[in-house]
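The values are calculated or read from the model by the stated rules, or taken from the named source; none is laboratory data. Please read all numbers here as calculations on a predicted model, not as lab measurements. Heads up, the Cβs are rebuilt from the backbone with ideal geometry, glycines too, and the neighbour counts pull from every protein chain shown. Accessible surface areas use protein heavy atoms only, side chains included; no ligands, DNA or RNA. Shrake-Rupley method; radii C 1.70, N 1.55, O 1.52, S 1.80 Å.
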Amino acid sequence: MKLDKDQRTQLNRMVERSMDQASKNLSGTKGVVSVRLSQEEIDIIDQLVFLELAKNRSDATAMLIREGIQAHQSLLSEIREYTAELERVKAKMQQSIRNSGLLTRLQSETGSEMKGKREGTDETNEK
């Protein structure tokens, strides 16, 4: 894959922004995420490492993810809003179910069924 001058310039800017951001966020690293990638995606990551634009595959992957997040901020903001709304609806429904007593009845019925099955199993084992 050969990059033209504009593509190289764009890539260099992306790498510079990401490296600056990575150095700022290094102390804020929260964990490791495993991902499955196609061979084409791995090749791109390896090219970034080969060109010394990233220290390793992990840094190259993190850089590309940060760029993707930055490029789609408005969409991700909308997703956060919808998620917050769904969480409110979910909590409201859970509270309504708890208040109705349905959950307690279902749990007690399930507990009775499980107890009966265990007792039946014990009787079978004793014979």
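Quick notes on this one:
- Pairwise label distance in nanometres, ILE44 with TYR82, each label 7 Å out on the Cα-Cβ vector: 2.3 nm
- A simple spin-label model places the labels of ILE97 and ARG66 4.1 nm from each other, with each point 7 Å out along Cα-to-Cβ.
- The residues neighbouring GLU85, those whose beta-carbon lies less than 12 Å from its own, together hold a net charge of +1 under the Lys/Arg +1, Asp/Glu -1 convention.
- Accessible area per residue for the stretch 1-102 is 85 Å², calculated with a 1.4 Å probe on protein heavy atoms, without ligands, DNA or RNA.
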